[in-house]
Amino acid sequence: MRIAQLANFVGPISGGLKRAVDKIGRGYVAAGHERMLIIPGPSDSVTKTDAGTVVTIASPALTTGYRMVLNTGKVKDILDRFEPTTVEVSDKWTMSVAGQWAKKNTVGSILISHERLDDKATMFLELEVESAVHQLNNRLAKLYDRVVVTTRYSAGEWINTRANLVVQPLGVDLEEFTPAVRVRDDSPSLKLVLSGRLSREKTPHLAVATAVELDRRGVDIQLHVYGTGPHVEELRTLAGGAPVFFHGYLDARTSLSEAYRAADIAMSVCPVETFGLSVLEALACGTPVVTADRGGARELVDASCAEWASPDPVFLADAVLRMADRITEDQDKLHANARARAEKYPWDATITRMLALHEELANRN
């Protein structure tokens, strides 16, 4: 097969979306298929890699580290030349032109829905956009043969649309993220870790506010934050004098694995996260998790390896303390439970299912 993957908002310091697209695409190539990735960039370029051909289209920067393709005509031209048997789009915006192209050329098409627009808009913009999102999703459902969502929570946005939905979780690299040797310093502090993009839609403010609440209660904690984004200074101000440490973006995946292993608890508390790769990465390292009691991340954990609470700093602080008590009781069991939970989400399972969808659609035409 000749598979074209397309995505906006993929850049040098991107997080989960970039990792998912890359991991799935590499799986296609390893299975013997031809893969082209089309993404925005600072300039036009074509690069041959061991994971297929990467085509960047010169696109404006919207926020720090993120770009969006505006020249949709160029997207169509690239697809005309590549002649894919199927297209896979990880974007609901300008890259949806690929869905139009596929329908016109009777080529199979898949949309992977990576965000839940209705809940994000309601939470962060305080706007009621359910009707507008429903109209957008209905339009997208007409364009694509399949809509892949990663959790039941993510699927909720597509209720009462014409989408042919497939629920397929993403995976975690179980060799890159491992329990290995847990590295600890001599500090008695309860160590929390937060990894991800530091922008409001990811709610890092909630994790920092939880650390502030714990510090206010006199709990000896440290919150180590890994990532960058437009709201770093807001988060520093919010942290005030609490023991919150900002380490910036970690490029090396091994370094992130070490950061998870050095922590007692990983924080992933965004209530509108549709999946949560950072949750699985922490669990794969044997680190238990505290999540919000709603959203996609909550679906990835169970009581054996996690605590959860309403997305409020007071209740999340309570959840952290519950987990701290469990660590004191039987830390080794928690580490083993966390790893066992992560092992339920191997990338091989995701890639196999996605390839089956592509083969189904390619053979249909």
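The values are calculated or read from the model by the stated rules, or taken from the named source; none is laboratory data. Remember, predicted model here, so these are calculated numbers, not experimental data. As a convention, Cβ positions derive from the backbone with ideal geometry for all residues, glycine included, and neighbour counts pool all protein chains shown. Heavy atoms of the whole protein, side chains included, go into the accessibility calculation; ligands, DNA and RNA do not. Shrake-Rupley method; radii C 1.70, N 1.55, O 1.52, S 1.80 Å.
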Once phi for every residue in the stretch 285-297 is put through the Karplus expression 6.51 cos²θ - 1.76 cosθ + 1.60 (θ = phi - 60°), the whole-Hz ³J(HN,Hα) values, with Gly and Pro written as x, are 7, x, 9, x, 10, 10, 10, 6, 7, 8, x, x, 4
Sorted by chain and number, the residues with a modelled amide H under 5 Å from that of C270, at a separation of 5 or more or across chains, are A292
antiparallel share of DSSP beta bridges within the stretch 18-81, to nearest 5, in %, is 55 percent
Calculated from DSSP helices alone, with each H run of at least 4 adding -39500 (n - 2.57) and the total divided by the residues of the chain, [θ]222 nm to the nearest 500 comes to -12500 deg cm²/dmol
Shape call for the stretch 208-322, from the Cα gyration tensor axes a ≥ b ≥ c (a/c under 1.5 means rounded, otherwise prolate when a/b beats b/c, else oblate), comes out rounded
Yeah, the stretch 117-233 with a ≥ b ≥ c from its alpha-carbon gyration tensor (a/c under 1.5 is rounded, else prolate when a/b outruns b/c, oblate otherwise) is oblate
Lys and Arg at +1, Asp and Glu at -1: neighbours of L214 with Cβ under 15 Å from its Cβ sum to -4
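Can you give me the relative contact order of the chain as a percent, contacts being Cα pairs under 8 Å and 6 or more apart?
15 percent.
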For the chain, the per residue accessible area (1.4 Å probe, Å²) is 42 Å²
Amide H proximity to S109 below 5 Å, modelled H, separation 5+ or other chain, gives V87, D145, R146
Applying the gyration tensor rule to the Cα atoms of the stretch 2-98 (axes a ≥ b ≥ c; rounded if a/c under 1.5, else prolate if a/b exceeds b/c, else oblate), the class is oblate
The helix 72-82 Cα axis meets the longest alpha-carbon principal axis of the chain at an angle in degrees, between 0 and 90 and rounded to 10, of 70 degrees
Per DSSP, the loop-located GluC sites (Glu not before Pro) within the stretch 136-214 having at most 16 other beta carbons within 10 Å are E175, E176
Calc'd 3J(HN,Hα), the stretch 304-317, phi into Karplus 6.51 cos²θ - 1.76 cosθ + 1.60 (θ = phi - 60°), Hz, glycine/Pro = x, comes to 6, 9, 8, 10, 8, 7, 4, x, 9, x, 5, 6, 5, 4
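Anything over 21 Å Cα to Cα? Flag those among K202/K333; K76/K142; K92/K202; K120/K202; K76/K104; K142/K202, in the order listed.
Pairs exceeding the cut-off: K202/K333; K142/K202.
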Note, the stretch 336-341: 3J(HN,Hα) by Karplus (6.51, -1.76, 1.60, θ = phi - 60°), whole Hz, Gly/Pro = x, goes 5, 5, 4, 4, 4, 5
Of every hundred units of 1.4 Å-probe accessible area on the chain, the number belonging to carbon and sulfur atoms, as a percent, is 51 percent
For 233-243, 80-90, ranked highest to lowest by mean beta-carbon neighbours within 10 Å, the order is 80-90, 233-243
The relative contact order of the stretch 150-223, taking Cα pairs under 8 Å that sit 6 or more residues apart, comes to a percentage of 27 percent
Computed over the chain: longest principal axis from alpha-carbon atoms vs helix 204-216 long axis, angle to nearest 10 degrees, is 0 degrees
For A262, other-chain or 5+-apart residues with amide H closer than 5 Å (H placed, Pro excluded) are V183
